[in-house]
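Laboratory data are not the source of any read-out in this text; all were calculated from the coordinates shown. All of these numbers come straight from a predicted model, not from anything done at the bench. Glycine gets a Cβ as well: all are built from the backbone with ideal geometry, and neighbour counts include every protein chain shown.
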Amino acid sequence: MGPHVHQKGSNITAERMRFDFSHPTKMTDEEKQKTEELVNEYIKQAIPVERLEMKKEDALKMGAEAMFIDKYGEEVTVYKIGDVSLELCGGPHVKNTSELGHFKIKKEESSSAGVRRIKAILE
């Protein structure tokens, strides 16, 4: 969808996920389908998930996505999923993308000005 897209929030439970991201317009059906296909391809690739501990400044130099950066201390946890994702995060994670199942977007909506929200499940 473009380099302007960045995570703006999330809420993940065992039953569902909510993911907010910067994007100025409603996702088209084609964009939703391509997103599902891409996520499911990453799941199928069985990519190891690495948990790294480092200084916050080093994580930023590596290019880690860092939502709410001011809430983190000087030492941070970074999760790396191959060449797909690198981000600061404090939550529990899988050890490999193959553990996730099948990703399906159930709803896409506006969250606030310039922020979209998808609600999805893993089947």
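How about the range 11-123: which strands (runs of 3 or more DSSP E) wholly inside it have at least 2 residues that are in contact with a Cys (Cβ under 7 Å, 6 or more places away or on another chain) and more than 17 Å from Met1 (Cβ to Cβ)?
Answer list for the range 11-123: 75-81.
Can you list residue pairs whose Cβ atoms sit under 9 Å apart, with the first residue in the range 19-44 being without any contact (Cβ under 8 Å) to a residue 60 or more places away in the chain and the second being assigned to a helix (DSSP H, G or I) and surrounded by 12 or more Cβ atoms within 10 Å (Cβ to Cβ)? Count only pairs 6 or more apart in sequence or on different chains.
Listed pairs, sorted by first residue: Tyr42/Thr97; Lys44/Thr97; Lys44/Ser98.
Just to verify a result, which residue in the range 1-56, among those that are within 13 Å of Leu100 (Cα to Cα) and hydroxyl-bearing (Ser, Thr, Tyr), is nearest to the chain's Cα centre (by Cα)?
Going through the qualifying residues, I end up with Tyr42.
Ile105 passes all but one of (1) over 30 Å from Glu57 (Cβ atoms); (2) out of contact with any helix residue (DSSP H, G or I) (no Cβ under 6 Å at 6 or more places or on another chain); which number fails?
Only one criterion is unmet by Ile105, namely (2).
When you scan the range 13-62, how many residues do you find that are under 18 Å from Lys95 (Cβ atoms) and of a type outside the set (A, V, I, L, M)?
7
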